[in-house]
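K.L.:
Just dropping this structure here.
The values are calculated or read from the model by the stated rules, or taken from the named source; none is laboratory data. Fair warning: this is a prediction, and the values are worked out from it, not measured in the lab. Using ideal geometry, Cβ is built from the backbone for each residue, glycine included, and neighbour counts are taken over all protein chains shown.
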Amino acid sequence: MSTRANIPQHVAIIMDGNGRWAKLRGKERSEGHVAGMEALRRTIQNAAEAGVKYLTVYAFSTENWGRPKQEVEALMALICRGVELEADNLREAGVRVKVMGRRANFSAEVAEAIRSIEEQTAAGEQLTLILALDYSSRSEICDAVRNIARRVQQGELAVEQIDEHLISESLLSAGVPDPDLVIRTSGEYRLSNFLLWQASYAELYFTDVLWPDFDGEELHRALEAYAARERRYGLVK
Ligand code: IPE
Ligand code: IPE
Ligand code: MG
């Protein structure tokens, strides 16, 4: 990948369109998710090669639990298989995997697969891959507020100490810089409860490409668009 100037440190992707990709081909939705997993594999490699340091991918939202049982089960099985199959490759490529989301609802098998990949890849320094699984930005904010309130109630924290930094550090993304670029595929123009606090000043990039078709070329296009943006943060240039 030739893009070198002005590479975003943190790219976040709403990987959308697997179902439509499958439907267009007369396939089951779950086959779209399998193809989506391949697109994720390529994208991790391409992002690392481009010099991206943090890649957050929205893989399963808390709202997605409401999909038909068969689809949820297929997705969970895919997550388990994916992390097991990819653990060695990711470790060798220097990718550190972290999961961001509520962990309470996962089956023992999924919980163990997640624990294992986080442990196996903990030393990775090339790229941090954050898998948003059972993730809801609003519930993440609610949990943070509840924790802060509890600390105030216990006298551990003064109300005056509540600031943007404390809130950022109370979220599941604590320690991770805010995303510079948020990409959404499949022609939908919404955030769907993804990184609402963290993406305050992110550049947004939308493409009609369905997630399973996202490749190095598409990532390159998004990075080029980002490089051409002027981030003003409310100031006058
Ligand atoms: C994104 O693709 C993957 C997940 C939400 C798990 P979709 O499954 O939402 O695909 P579409 O939007 O129905 O095409
Ligand atoms: C957002 O996509 C969640 C993921 C990509 C995992 P959805 O397909 O679930 O979102 P909506 O329903 O179009 O808003
Ligand atoms: Mg969708």
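K.L.:
State which residue is farthest from ligand 3 (Cβ to nearest atom) when the search covers only the range 29-78 and only residues that are closer than 23 Å to Phe106 by Cα and of a type in the set (Ser, Thr, Tyr).
P.N.:
Among those that are closer than 23 Å to Phe106 by Cα and of a type in the set (Ser, Thr, Tyr), it is Thr56.
K.L.:
Sticking with this structure for a sec: Any chance the range 171-180 includes a residue that's within 16 Å of ligand 1 (Cβ to nearest atom), crowded, with 16+ Cβ neighbours inside 10 Å and within 24 Å of Val11 (Cα to Cα)?
P.N.:
No: the range 171-180 contains no residue that is within 16 Å of ligand 1 (Cβ to nearest atom), crowded, with 16+ Cβ neighbours inside 10 Å and within 24 Å of Val11 (Cα to Cα).
K.L.:
Can you tell me which of Thr43, Thr56, Thr62 is within 16 Å of ligand 1 (Cβ to nearest atom), among the hydroxyl-bearing types (Ser, Thr, Tyr), farther than 30 Å from Ile7 by Cβ and at pLDDT 95 or above?
P.N.:
Thr62
K.L.:
Here is a further query. I need a count of the residues in the range 185-205 that are surrounded by fewer than 18 Cβ atoms within 10 Å (Cβ to Cβ) and among the hydrophobic types (A, V, I, L, M, F, W, C).
P.N.:
4
K.L.:
Could you tell me whether Glu92 is surrounded by fewer than 22 Cβ atoms within 10 Å (Cβ to Cβ) and touching a residue at least 12 places away in the same chain (Cβ under 8 Å)?
P.N.:
Judged against the criteria, Glu92 is not a match.
K.L.:
Could I ask something else about it? Could you list, in sequence order, all residues of the range 31-68 that are more than 11 Å from ligand 2 (Cβ to nearest atom), surrounded by fewer than 20 Cβ atoms within 10 Å (Cβ to Cβ) and closer than 19 Å to Ser192 by Cβ?
P.N.:
Pro68
K.L.:
Could you list, ordered by first residue, the pairs with Cβ atoms under 6 Å in which the first is in the range 74-85 and part of a helix (DSSP H, G or I) and the second is surrounded by fewer than 18 Cβ atoms within 10 Å (Cβ to Cβ) and not small (Gly, Ala, Ser), at least 6 apart or interchain?
P.N.:
Cβ pairs passing all conditions: Cys80/Glu109.
K.L.:
Taking the criterion of being farther than 17 Å from Tyr135 by Cα, buried (at least 21 other Cβ atoms within 10 Å of the Cβ) and within 14 Å of ligand 2 (Cβ to nearest atom), would at least one residue in the range 8-16 satisfy it?
P.N.:
No, every residue in the range 8-16 fails to be farther than 17 Å from Tyr135 by Cα, buried (at least 21 other Cβ atoms within 10 Å of the Cβ) and within 14 Å of ligand 2 (Cβ to nearest atom).
K.L.:
How about the range 183-211: which of its residues are within 12 Å of ligand 2 (Cβ to nearest atom) and in a strand (DSSP E or B)?
P.N.:
Narrowing the range 183-211 to residues within 12 Å of ligand 2 (Cβ to nearest atom): 183-195, 210-211.
Hits for the range 183-211 are Ile183, Arg184.
K.L.:
If only one of Glu119, Glu63, Glu109 is in a helix (DSSP H, G or I), touching a residue at least 60 places away in the same chain (Cβ under 8 Å) and among the charged types (D, E, K, R), which one is it?
P.N.:
Glu63
K.L.:
OK, next. Considering Ser192, Ser186, which residue is within 15 Å of ligand 1 (Cβ to nearest atom), on the phi > 0 side of the Ramachandran plot and out of contact with any helix residue (DSSP H, G or I) (no Cβ under 7 Å at 6 or more places or on another chain)? Talk me through it step by step, then tell me what you get.
P.N.:
Details: Ser186 fails: out of contact with any helix residue (DSSP H, G or I) (no Cβ under 7 Å at 6 or more places or on another chain).
Being within 15 Å of ligand 1 (Cβ to nearest atom), on the phi > 0 side of the Ramachandran plot and out of contact with any helix residue (DSSP H, G or I) (no Cβ under 7 Å at 6 or more places or on another chain) holds for just one of Ser192, Ser186, which is Ser192.
K.L.:
Another one. If you go through the range 1-40, how many residues are modelled with pLDDT of 95 or more, closer than 21 Å to Val95 by Cα and in a loop (DSSP other than H, G, I, E, B)?
P.N.:
Summing the residues that are modelled with pLDDT of 95 or more, closer than 21 Å to Val95 by Cα and in a loop (DSSP other than H, G, I, E, B) in the range 1-40 gives 4.
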